[in-house]
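Trainee: Below is a structure I'd like to ask you about.
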Number of protein chains: 2
Amino acid sequence: MKFASLKNETPDGQLVLVSRDGKFAVVVPELASSLLDAMQRWDVVAPGLQQRYEALNAGELSDTFAFQPTACGAPLPRCPQWLDASAFLNHGRLMEQAFNTPPIPDFDTIPVMYQGASDDFLGPTQDVPLPSEQDGIDFEGEFGVVVGAVPMAATPEQALACVRLVVQINDWSLRALGPREMKSGFGFLQAKPSTSFAPIAVTPDELGAAWRDGRVQMPLHVLWNGERFGEPHGGEMNFSFGELVAHAARSRKLTPGSIVGSGTVSNSARSAGSACISERRVIEKIDLGDIKTGFMKFGDRVRMQAKYDDGREGPFGVIDQRVVAPN
Amino acid sequence: MKFASLKNETPDGQLVLVSRDGKFAVVVPELASSLLDAMQRWDVVAPGLQQRYEALNAGELSDTFAFQPTACGAPLPRCPQWLDASAFLNHGRLMEQAFNTPPIPDFDTIPVMYQGASDDFLGPTQDVPLPSEQDGIDFEGEFGVVVGAVPMAATPEQALACVRLVVQINDWSLRALGPREMKSGFGFLQAKPSTSFAPIAVTPDELGAAWRDGRVQMPLHVLWNGERFGEPHGGEMNFSFGELVAHAARSRKLTPGSIVGSGTVSNSARSAGSACISERRVIEKIDLGDIKTGFMKFGDRVRMQAKYDDGREGPFGVIDQRVVAPN
């Protein structure tokens, strides 16, 4: 199934089912008022949603309308917990050099993860107001999963079975603020403004063979102001989403609708490019001896879209946003 | 005003107004269904709540009942954001020695703060299931504030004006897991299970002179298994709550009902004792050369109650909880 949330006057938005081809949508208020509502009552509402989704794809529904990504907020405009890992070790190792921070202990064997704000997510085409160009404005292309209820101390296998939806994320970062927060040991807070999401959240079965080993096996195509920036592949993730969710639930339960992110998608092959500016900058320093690329300016745009390995467009839709001065 | 939330079948509980003497309560469903609902519509509902509160205190209401703290969840059983500082520098400096972590940069001038889980808070007398006694189970007695809508980049003065309620907190910590998470730079996650709250949240005016300079000017009395552990005073906080809330809102807004905590209350005078075990342990090491005190075991209880300087009981009620094995 494919879900999106139309912006309305409520904080959780209006849930719609989106057809498999991404062209049509239908509201389902008699089944669930919002995607968060559906997550909280998943076992009860999933069969009815599945039936409606099949009827939508078969062209059997009369109350459909054209799906407009610009009308969408994040699939979950707010959620109980947002936990973001750094599960691509290639990215983490480059960032240690970029930030000049000491090596992270047990980085190869224990995931690192921070807790982010989950009360104010941004939709795929919303402008992104940020306080200052001096903060080192950067994007981070990621994948993530939305989980059902995860009990405390779940195993990775149990945790993977709790995955309900897969999402595509831009975890905005303010790089000038990150190193001090890392060195404090308390983790990212000011360095992480509101996070953005592609319009469509999908059940794992929609991905077919591109959902394998608890990973999204797709390249994430990133363009900055219309120019190619990279298309690193999600399959190179060093921990599975099962391992990440289990890590998050080690000492507390996760309530339904919580989101766990992969961290910046990153490949060891330089030819893949990058999904964040900071990584490109440190590669320039290592490979060329000098940093050439600056961070984002107000008015800049970033576009992110996952595609299948054969080049077909992915199921999540497109993130295409502009950074703007604070209102 | 004094508010509490009775446990019911909904995640946000049933809002009640509690009389100033803490003896009586009244439900106010026609004004607000939950405290979170009241926070989100504060300007609209506050006058009606104030009127009802005055009638409750004057004995003019017929539908009151005896207030039972054991029937309460946290005042906000879940909230949009939970951000916890370490604003008592005496505590932070001792913890650096306890954890053997490097000095935090700019610790005297810039608050440190982590983001915690805000989807599953515990009430004042609920048992606390934790995965293992080997994790170094510890309590942390704190004060905190509940804010209204805080715009991005609010000043400390603006932020202080957004404070709606004051709360008393036990920020449970798993000390065996903390140092690795600090050294990762990503901050606390597994080291911070669900947080507990005293039953009553109060508007700042309820504190009288004990709310001054954006600080709670009260000692927090802590007992572990019935024995005195400490009563450090909230007035020694090195940053005001205005400064802490502004720090949290540097690069993003906070939505109504978000909670900002002080971190463990801690005084430089050894005679005040401590509000967490880890701090006592490092003091033992420094002053006596040897750590004598272990962490909590399943079945142990901790009791926390703020009192006024003249010894009168504080307005928040009592946290009195038992740590138990996972269910």
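Please treat every number below as a calculation from the coordinates, not as lab data. It should be emphasised that the depicted structure is a prediction, and the values quoted were computed from it without experimental measurement. Positions of Cβ are generated from backbone atoms using ideal geometry, with glycine treated the same way; all protein chains shown enter the neighbour counts.
Trainee: What's the longest piece of chain A with no exposed GluC sites (Glu not before Pro), counting a site as exposed if DSSP puts it in a loop and it has at most 14 other beta carbons within 10 Å?
Mentor: In chain A, the maximal stretch lacking such sites is A:61-327.
Trainee: Further question on the same structure: May I ask you to report, in nm to one decimal and beginning with the shortest, the distances from A:Val44 to the same position in the other copies, taking label points 7 Å along Cα-to-Cβ?
Mentor: Label-point separations across copies, in nm and ascending: 2.6.
Trainee: What do you get for the angle between helix B:42-57 and the principal long axis of chain B? Use alpha-carbon atoms, 0 to 90 degrees, nearest ten.
Mentor: Its long axis makes an angle of about 80 degrees.
Trainee: What number, in percent, do you get for the relative contact order of the range A:82-324 if the mean sequence gap of Cα pairs under 8 Å and at least 6 apart is divided by its residue count?
Mentor: 30
Trainee: Moving on. Using a 7 Å offset from the Cα along the Cα-to-Cβ direction at both B:Gln134 and B:Arg270, what is the distance between the two label points in nm, to one decimal?
Mentor: 3.5
Trainee: Extension gain B:Arg312-B:Phe298, at 0.36 nm per residue separation less the Cα-Cα distance, in nm?
Mentor: Values: separation 14, 0.36 × 14 = 5.04 nm, distance 3.15 nm.
Residue separation times 0.36 nm, minus the Cα-Cα distance, leaves 1.9 nm.
Trainee: What is the dipole size for the range A:1-149, taken about its Cα centre, with +1 at each Lys and Arg Cβ and -1 at each Asp and Glu Cβ, in debye to the nearest 20?
Mentor: Details: 8 positive and 21 negative charges, 96 e Å.
I would put it at about 460 debye.
Trainee: Using +1 at the C-beta of Lys and Arg and -1 at the C-beta of Asp and Glu, which of A:Met39, A:Met95, A:Gly123 has the Cα lying farthest in the positive direction of the dipole of the range A:1-139?
Mentor: Of the options given, the answer is A:Met39.
Trainee: For a distance above 16 Å, tell me the whole-number percent of Cα pairs in the range A:2-71 that qualify.
Mentor: Taking all Cα-Cα pairs of the range A:2-71, the fraction more than 16 Å apart is 42 percent.
Trainee: Also, I was wondering about something else. Treating the point 7 Å from Cα along Cα-beta-carbon as the label, what are the nm separations from A:Pro103 to the other copies, to one decimal?
Mentor: 2.7
Trainee: From the label point of B:Thr10, set 7 Å from Cα along Cα→Cβ, how far away are the matching label points in the other copies, in nm, ordered shortest to longest?
Mentor: 1.4
Trainee: In the range B:1-57, which trypsin sites (Lys or Arg not before Pro) fall in coil by DSSP and have 10 or fewer other Cβ atoms within 10 Å? Don't skip to the answer; put the middle values down first.
Mentor: Values: sites: B:Lys2, B:Lys7, B:Arg20, B:Lys23, B:Arg41, B:Arg52; in loops: B:Lys7, B:Arg20, B:Lys23, B:Arg41.
Listed in order of number, the matching sites are B:Lys23.
Trainee: Still on this model: Calculate the mean, over all residues of peptide B:116-123, of how many other protein chain Cβ atoms lie within 10 angstrom of the residue's Cβ.
Mentor: Other-chain Cβ atoms within 10 Å of each residue's Cβ, averaged: 5.
Trainee: Classify the range A:268-310: rounded, prolate or oblate, from the alpha-carbon gyration tensor (a ≥ b ≥ c, eigenvalue square roots; a/c under 1.5 rounded; otherwise prolate if a/b is larger than b/c)?
Mentor: Oblate, because a/c is 1.5 or more while a/b does not exceed b/c.
Trainee: Holding the Cα-Cα limit at 32 Å, pick out from A:Lys253/B:Lys285; B:Lys7/B:Lys253; A:Lys253/B:Lys183; A:Lys285/B:Lys253; B:Lys7/B:Lys292; A:Lys253/B:Lys23 the pairs that are longer than that.
Mentor: From A:Lys253/B:Lys285; B:Lys7/B:Lys253; A:Lys253/B:Lys183; A:Lys285/B:Lys253; B:Lys7/B:Lys292; A:Lys253/B:Lys23, over 32 Å: A:Lys253/B:Lys285; A:Lys285/B:Lys253; B:Lys7/B:Lys292; A:Lys253/B:Lys23.
Trainee: Give me the number: length gained by fully extending B:Arg322 to B:Arg41, i.e. 0.36 nm times residue separation minus the C-alpha to C-alpha distance, one decimal in nm.
Mentor: Going from the current span to full extension adds 97.6 nm.
Trainee: Could you point to the residue in A:Ile286, A:Pro232, A:Ser62 farthest towards the positive end of the protein assembly as shown's charge dipole, with +1 and -1 charges on the Cβ of Lys/Arg and Asp/Glu respectively?
Mentor: Projecting each Cα onto the dipole axis, the largest value belongs to A:Ile286.
Trainee: Considering amide H positions built from the backbone, and no H for Pro or chain starts, which residues 5 or more places from B:His221, or on another chain, come under 5 Å of its amide H?
Mentor: Amide H neighbours of B:His221: B:Gln305, B:Ala306, B:Lys307.
Trainee: Moving on. Using 20 Å bins from zero, what percent of all Cα-Cα pairs in the protein assembly as shown falls into each bin?
Mentor: Taking every Cα pair in the protein assembly as shown, the percentages come to 19, 53, 26, 2.
Trainee: Still on this structure: How high is the relative contact order of the range A:2-71, given as a whole-number percent (alpha carbon pairs under 8 Å, six or more residues apart)?
Mentor: In percent, rounded to a whole number, it is 31.
Trainee: What do you get for the angle between helix A:277-288 and the principal long axis of chain A? Use alpha-carbon atoms, 0 to 90 degrees, nearest ten.
Mentor: 40
Trainee: Right, something else. Can you tell me the relative contact order of the range A:77-139? Whole percent, Cα pairs under 8 Å, sequence separation 6 or more.
Mentor: With pairs under 8 Å counted, the relative contact order is 49 percent.
Trainee: Still on this structure, please answer the following. Taking only Cα atoms and a 10 Å spring cutoff, compute GNM fluctuations for chain B and point out the largest among B:Asp12, B:Asp43, B:Asp300.
Mentor: Checking each option, the largest mean-square fluctuation is seen for B:Asp43.
Trainee: I would also like to ask the following. Work through the residues other than B:Ala85 whose Cβ is under 10 Å from its Cβ and net out their charges, Lys, Arg +1 and Asp, Glu -1.
Mentor: Details: positive: none; negative: B:Asp84, B:Glu142, B:Glu243.
With Lys, Arg at +1 and Asp, Glu at -1, the net is -3.
Trainee: Taking every pair of distinct Cα atoms and averaging 1/r, then inverting, what Kirkwood hydrodynamic radius in Å comes out for the range B:236-327? Provide the component values of the computation, followed by the final result.
Mentor: Details: mean 1/r = 0.0602 Å⁻¹.
Answer for the range B:236-327: a Kirkwood hydrodynamic radius of 16.6 Å.
Trainee: Looking at the square roots a ≥ b ≥ c of the eigenvalues of the Cα gyration tensor of the range A:150-196, which shape do they give, rounded for a/c under 1.5, prolate if a/b is larger than b/c, or oblate?
Mentor: Values: a/c = 4.22, a/b = 1.78, b/c = 2.37.
Note, shape of the range A:150-196 comes out oblate.
Trainee: Note the angle between two axes, namely the Cα long axis of helix A:89-99 and the longest principal axis of the Cα atoms of chain A, as a number of degrees from 0 to 90, rounded to the nearest 10.
Mentor: 50
Trainee: Rank A:Ile259, A:Ile283, A:Ile291 by mean-square fluctuation in a GNM of chain A with C-alpha springs under 10 angstrom and give only the top-ranked residue.
Mentor: A:Ile291
Trainee: Also, quick follow-up: Find which of A:Val146, A:Leu160, A:Thr195 sits farthest along the positive direction of the dipole of the range A:82-324, computed with +1 on the beta-carbon of Lys and Arg, -1 on that of Asp and Glu, about the Cα centre.
Mentor: Going by the charge dipole, the pick is A:Thr195.
Trainee: Take the Cα coordinates of chain B, assign each an equal point scatterer, and use the Debye formula without solvent to give log10 I(q)/I(0) at q = 0.10, 0.11, 0.12 Å⁻¹.
Mentor: Treating every Cα as an identical point scatterer, log10 I(q)/I(0) equals -0.53, -0.65, -0.78.
Trainee: Please find, among residues of chain B, the one with the beta carbon closest to the rotation axis relating it to chain A, distance in whole Å.
Mentor: Minimum Cβ distance to the axis, with residue: B:Gly187, 1.
Trainee: What would the Debye equation give as log₁₀ I(q)/I(0) for the range A:1-136 at q = 0.09, 0.14 Å⁻¹, counting only Cα atoms as equal point scatterers?
Mentor: For the requested q values the scattering log ratios are -0.41, -0.80.
Trainee: Moving on to the next point. Can you tally the net charge around A:Leu160? Count Lys and Arg as +1, Asp and Glu as -1, for every other residue whose Cβ sits under 10 Å from the Cβ of A:Leu160.
Mentor: -3
Trainee: A follow-up question, please. Could you work out how far apart the two model spin labels at A:Thr10 and A:Ala55 are, taking each label as a point 7 Å from the Cα in the direction of the beta carbon, and quote it in nm?
Mentor: Distance between label points: 2.0 nm.
Trainee: In 10 Å bins starting at 0, how do the alpha-carbon pair distances of the range B:97-155 split up by percent?
Mentor: Taking all Cα pairs of the range B:97-155, the binned fractions are 11, 35, 33, 20, 1 percent.
Trainee: Over the whole of A:83-94, what's the average partner chain Cβ count within 10 Å per residue? Rounded to a whole number, please.
Mentor: 1
Trainee: Just the number: Rg to Rh for the range B:75-220, Cα atoms, Kirkwood Rh, two decimals.
Mentor: That ratio equals 0.95.
Trainee: A further question on this structure: Give me the net charge for the shell around B:Ser251: Cβ to Cβ below 10 angstrom, other residues only, Lys and Arg +1, Asp and Glu -1.
Mentor: Charge balance near B:Ser251 sits at +3.
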